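Enquirer: Have a look at the structure that comes next, please.
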Amino acid sequence: MAPDHDLDVMLPNQTLTQVTVRVLERMTALFGTTPLDAVMIQGDTTTCLGTALAAFYARVPVAHVEAGLRTWDMDRPFPEEMNRVVVGQLTAIHFPPTEGSKQNLLREGVPADRITVTGNTAVDAILRTANEPGIDGLFPLPDLDPEQRLILVTAHRRESFGEPFQRICQALAEIVQSRDDVTILYPVHLNNNVRSVVMPMLGKLDRVRLVEPLDYRPFVAAMKRAELIISDSGGIQEEAPSLDKPVLILRDETERPECVQVGAAKLVGTDPARIVPAALELLTNRAAYDAMAKVPNPFGDGRSSHHILTGMVEWWARRTATQR
């Protein structure tokens, strides 16, 4: 899909203030030239926050997909928790992925008739993509020994910059050095706060494969091939259960507690003393592995796009009826 408008806001080492201001200014200019009936945003990024604020100023209704996720801790994740809370106050129609997310919105005073539980579109996407013909051929390490057990790693969260990232890398090094049948695949985020730690600490280790960020299809192929995923990503917490892959979450809090509640994921933070034993248990204890791998995905059945469309149509019908 090619965008009709590119805000061109990305700069090296930009601050949150800089990206917020540029998104707000450029979305405001877009609203001034493009009449819109509504704006749909997804997730918790600073782009979502800037767009929601620009839409509010322009009196354009906001529809928020992936609404209602909360940790109730403004520092975790930072700044995403704040983004979601503020966007929630600016939103006209909310599409939370789960009943728990809906309850969060109700506690914040959102009227029930402005909330539709939909599941998450990430589940739609991964189920469709994982079943595409030829997807396995896009696996980014075609030379990997088939006997090697693959751990897929992603880590990039802002709150982990500095010493926490060093601890994560220490844990990954301990895991791969403790077992000669394990290979780690780590697509490394382009942010220099990540690369300046990951490259020197992991770059020369045997069976640690550091690669550039992957496009979606090769990444899905990597998820399918992986035995275990270690990540601080919110999206992976939603996707992995659809592929029966356990996830160790490199955070102390998650705004997606459903994956932990059903047993598909475990919070391990950034402490090697928690990460390493948890990973080794899943690699050596089949019962523990199956207990995490064989659970239904709490984030939906792969039909969230249909539910969102239905919710939008119903909301629009109510809105136009009250304006007559």
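The values are calculated or read from the model by the stated rules, or taken from the named source; none is laboratory data. Keep in mind that what you see is a predicted model, and the values were worked out from it rather than measured. A quick note on method: Cβ atoms are made from the backbone with ideal geometry, for glycine too, and the neighbour counts reach across all protein chains shown.
Enquirer: How many of the residues in the range 279-300 are out of contact with any helix residue (DSSP H, G or I) (no Cβ under 6 Å at 6 or more places or on another chain), surrounded by fewer than 22 Cβ atoms within 10 Å (Cβ to Cβ) and among the aliphatic types (A, V, I, L, M)?
Expert: 6
Enquirer: Any residue at all in the range 74-89 that is closer than 27 Å to residue 124 by Cβ, at pLDDT below 95, among the charged types (D, E, K, R) and surrounded by fewer than 19 Cβ atoms within 10 Å (Cβ to Cβ)?
Expert: Within the range 74-89 (the criterion being closer than 27 Å to residue 124 by Cβ, at pLDDT below 95, among the charged types (D, E, K, R) and surrounded by fewer than 19 Cβ atoms within 10 Å (Cβ to Cβ)), the answer is no, since none of the residues qualifies.
Enquirer: Filter the range 3-34 for residues that are over 17 Å from residue 55 (Cα atoms) and in a helix (DSSP H, G or I) and give the result.
Expert: 16, 17, 18
Enquirer: Considering each of 56, 78 in turn, give the residue that is aromatic (Phe, Trp, Tyr) and either touching a residue at least 40 places away in the same chain (Cβ under 8 Å) or assigned by TED's automatic domain parsing to the domain that holds residue 196 (or both).
Expert: On inspection, the qualifying residue turns out to be 78.
Enquirer: Please state which of the following conditions residue 282 fails to meet, knowing it meets all the rest: (1) modelled with pLDDT under 95; (2) over 22 Å from the mean Cα position of the chain (by Cα).
Expert: Every condition holds for residue 282 apart from (1).
Enquirer: Let me ask something additional. Among the residues of the range 200-208, is any modelled with pLDDT under 95 and either touching a helix residue (DSSP H, G or I) at 6+ places or on another chain (Cβ under 8 Å) or under 23 Å from residue 239 (Cα atoms) (or both)?
Expert: Scanning the range 200-208 turns up at least one residue that is modelled with pLDDT under 95 and either touching a helix residue (DSSP H, G or I) at 6+ places or on another chain (Cβ under 8 Å) or under 23 Å from residue 239 (Cα atoms) (or both).
Enquirer: Starting from residues that are surrounded by 18 or more Cβ atoms within 10 Å (Cβ to Cβ) and hydrophobic (A, V, I, L, M, F, W, C), keep the ones in the range 91-104 and report whichever is nearest to the chain's Cα centre (by Cα).
Expert: 95
Enquirer: Out of 91, 51, 71, report the one residue that is in contact (Cβ under 8 Å) with a residue 60 or more places away in the chain, in the same structural domain as residue 25 (by TED's automatic domain parsing) and among the β-branched types (Val, Ile, Thr).
Expert: 71
Enquirer: Within the range 253-296, count every residue that is hydrophobic (A, V, I, L, M, F, W, C), within 18 Å of residue 239 (Cβ to Cβ) and out of contact with any Phe, Trp or Tyr (no Cβ under 8 Å at 6 or more places or on another chain).
Expert: 8
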